[in-house]
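Notes follow once the structure below has been shown.
Quick note: the coordinates plus some simple rules give every number you see, no bench work behind them. Note that the structure is predicted; figures quoted are calculated from it, not measured. Neighbour counts run over all protein chains shown; Cβ positions are idealised from the backbone, glycine included.
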Amino acid sequence: MTKNMTNKSYGLRPLFCYLICGVLFGAGLSISGMTDQNKVLDFLDLFGQWDPTLMFVMGGGVGITIIGYRFILKRPMPLWGNRFMLPISTVIDKNLVLGSILFGIGWGLYGYCPGPAIASLAHLHWETFLFAGAMVLGMFLRSKQEG
Amino acid sequence: MHDYLIALIGGAIIGLSASLMMLFYGRIAGISGLIWNVVQNSRSNFSSSGLFLSGMVLGTLCVAYITGIEPIPIDSNIFIIVLAGLLVGYGTKLGSGCTSGHGICGISRFSTRSIVATCIFMASGIVTVYFMRHLL
């Protein structure tokens, strides 16, 4: 995601549709229970009272996206852009593995991954803002190391 | 309606959003990446990413308004909240993605990196919850 491909000649519609996509994403997270930390932690509690509900969120999300991508990526380019910006790296490196381990620990500690944390800001609880602030700080700490 | 069906529908709406992001802009709907675009004030992606994140808040508000259900943050101490936030931020930056970018979008384009990342953060989350709930 390095370049913005939103062409100005399309007017404000592309920008407005970013908002719509976000609304859908946030609504999907709330409807499915991803913003409910207890539900997330019950899902991760495989060796306790496991609640499989979030498997269905994953299933619905991946199911629709597989079908969607299948058709969309056949197009020469996106509707409002010059090209599809897909990650090109295919290497399983130390950063991917270590980063995912650390992320998983944080997720398991408090039941928020980045999406639900942002969506839950809507409810104006100080805990969520504290978490989001720490999350951003964590991103900057990593970015500083990269130099 | 059964919980599983509601979850499936919620997931499908997330999938619709991810598909539209690809159709409209050719972009992956990865939330940790969008957050980074906003906080580092990326010149070209600030407003688009900011609008998406604002939309997420708005969508959550709408659902809470309609259903009357509003999840309350779990009981935890400040130390755990900050530590969890730091780990999630640092980890998703280092591992180039989170549940949405790797888990939904990456798996949907059959990226090996994303499949590996998703298995690892799920496993790591499961071990963490086991530790917190059953060993401490």
Checklist outcome for this item: Between residue B:80 and residue A:70, the two model label points (7 Å from Cα along the beta-carbon direction) sit apart by a distance in nm of 4.2 nm
Item to check | Fully extended contour minus Cα-Cα distance, from residue B:67 to residue B:136, at 0.36 nm per residue | outcome: 21.3 nm
Item to check | Whether region B:3-135 is rounded, prolate or oblate, judged on the alpha carbon gyration tensor where a/c under 1.5 counts as rounded | outcome: rounded
Checklist entry - Rounded to the nearest 20 Debye, what is the dipole magnitude of region B:17-136 about its Cα centre when Lys and Arg each give +1 and Asp and Glu each give -1 at the C-beta? => result 400 debye
Checklist entry - Any idea which of B:130, B:115, B:58 is furthest toward the positive side of the dipole for chain B, if Lys and Arg beta-carbons carry +1 and Asp and Glu beta-carbons -1? => result B:115
Checklist entry - If you wrap region A:1-86's Cα atoms in a convex hull and average its projection over all directions, what's the area in nm²? => result 7.3 nm²
Item to check | Positive-end residue, chain B charge dipole about Cα centroid, Cβ charges, pick of B:68, B:6, B:39 | outcome: B:39
Item to check | Cut-off 14 Å between beta-carbons: net charge of the residues surrounding residue A:51, Lys and Arg +1, Asp and Glu -1 | outcome: -2
Item to check | Assigned charges on the beta-carbon of Lys, Arg, Asp, Glu; the protein assembly as shown dipole about Cα centre (debye) | outcome: 1380 debye
Next on the checklist: Can you give the log10 of the normalised intensity I(q)/I(0) at q = 0.16 Å⁻¹, computed with Debye over equal Cα scatterers of chain A?
Outcome noted: -1.25
Checklist outcome for this item: The answer for the net charge of residues other than residue A:109 whose Cβ lies under 14 angstrom from its Cβ, with Lys and Arg +1 and Asp and Glu -1, is -2
Item to check | chain B: relative contact order as a whole-number percent, Cα under 8 Å and 6+ apart | outcome: 25 percent
Checklist entry - For the residue pair residue A:94 and residue A:16, what label-to-label distance in nm results when each label sits 7 Å from Cα along the Cα-to-beta-carbon direction? => result 5.0 nm
Checklist outcome for this item: Distance in nm between residue A:83 and residue B:119 label points, each 7 Å along Cα→Cβ, equals 3.1 nm
Checklist entry - What's the center-to-center distance, using Cα atoms, between region A:84-147 and region B:46-103 in Å? => result 9 Å
Item to check | Modelled label reach - residue A:141, point 7 Å along Cα→Cβ, region A:90-111 residues with backbone N closer than 19 Å | outcome: A:95-111
